[in-house]
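The values are calculated or read from the model by the stated rules, or taken from the named source; none is laboratory data. This one's a predicted model, so the numbers in the text were calculated from it and none came from an experiment. Neighbour counts run over all protein chains shown; Cβ positions are idealised from the backbone, glycine included.
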Amino acid sequence: MAAYVGRFAPSPTGALHAGSLVAALASWLDARAHAGRWLVRIEDVDGPRCVPGADHVILQQLAACGLLPDEPPVWQSQRGPRYQQALEQLLSAGWAYPCGCTRKDIADAWAASGRARPRHAELVYPGTCRTGLHGKPARAVRALTAGRGADGGWRDIHITWQDRRLGTQQQNLSQQVGDFVLKRADGLWAYQLAVVVDDAEQQVSQVVRGEDLADNTPRQIHLQRLLGLPTPGYLHTPLVLGANGEKLSKQNGALAFDTGRPLQALQEAATMLGLSAPAGATLADMLAGLVAQWAARYRQA
Ligand code: GLU
């Protein structure tokens, strides 16, 4: 079996809150339960959304909880040339193409197709620029999510994958997601490309992260296949809901957890993962107890 490498990959858009600590703890527990390495990667590709200093606050919060990475953290903002290489590989293989559509172009194409427009969801890209820019200037670069059949027509791509907690998952990538952005019109790298390039380069063997990211997994598996990269294992952890029943997020004002009380923060995160953290234990004892419980449940043969 290849060496276990896990990672926690926060976006530095603010300090960790109770929900992000659950994902951090779960990925750390899984790495420790497999006697593997655990890495931290700061996903700061979306510069305008990042909060200056939040990266260091996050690293301090993790350290206060005893979650220490086995290697110095990596910052995605320094890895543009690697993303560019991957993009060029996809472009030259015909699996990525420049797109000149604005949001309005996409909405107009939907309206013209006569299909009902989904509410509260990003519109699936109608594929307009698959056949060329039609005289428009290039804006973004998209990944192709359909293959050519023997008759020259488009064939949907279905991705099936195993989640270690959620079981078998599947998605019709062509219909449910559509050709997705790899490089944005503002020149920024998209999460999907950066995460795939970095997980492979860091030899991540198991991705453990929040369930809100589960439906990104087929896009990432698609890119791994196109780039000839291995697909890691996946485990998506339960989400922490706020009092209003919505997922806790920085956007809806979730508060940073209190680093002055790491035992309490860890205890709450453990409860969310269905683990019981003994009250009154020291930090080291609590973490050791949690690793043992996690191993009993999730260690793979
Ligand atoms: N950076 C992403 C986030 O904070 C997580 C990426 C991942 O774990 O794949 O939402």
*Go through (1) assigned to a loop (DSSP other than H, G, I, E, B); (2) modelled with pLDDT of 95 or more one by one and return the number of the condition CYS129 breaks.*
(1)
*Mind telling me which of the residues GLN84, GLN61 ends up being away from the ligand (no atom under 13 Å from the Cβ), assigned to a helix (DSSP H, G or I) and farther than 21 Å from LEU283 by Cβ?*
GLN84
*asked:* Exactly one condition in (1) assigned to a strand (DSSP E or B); (2) touching a Lys or Arg at 6+ places or on another chain (Cβ under 7 Å); (3) over 23 Å from VAL124 (Cα atoms) is false for LEU182; which is it?
replied: (3)
*Kindly list, by first and then second residue, each pair from a residue in the range 276-301 that is within 24 Å of LEU166 (Cβ to Cβ) to a residue that is surrounded by 12 or more Cβ atoms within 10 Å (Cβ to Cβ) and of a type in the set (Phe, Trp, Tyr), limited to pairs with Cβ atoms under 9 Å and residues at least 6 apart or on different chains.*
VAL291/TRP28
_Out of ALA35, ALA96, ALA26, sole residue that is away from the ligand (no atom under 14 Å from the Cβ), in contact with a helix residue (DSSP H, G or I) (Cβ under 9 Å, 6 or more places away or on another chain) and not aromatic (Phe, Trp, Tyr)_ = ALA96
*asked:* Restricting to the range 1-20, and then to whatever is assigned to a strand (DSSP E or B) and near the ligand (Cβ under 8 Å from one of its atoms), can you tell me which residue is surrounded by the most Cβ atoms within 10 Å (Cβ to Cβ)?
replied: ARG7
_Members of the range 25-51 that are among the hydrophobic types (A, V, I, L, M, F, W, C), farther than 15 Å from VAL204 by Cβ and assigned to a helix (DSSP H, G or I)_ = LEU25, LEU29, ALA33
*Could you give every pair whose Cβ atoms fall below 9 Å, whose first residue belongs to the range 114-126 and is within 21 Å of ALA146 (Cα to Cα), and whose second residue is at pLDDT below 75, counting only separations of at least 6 or pairs across chains?*
VAL124/PRO118
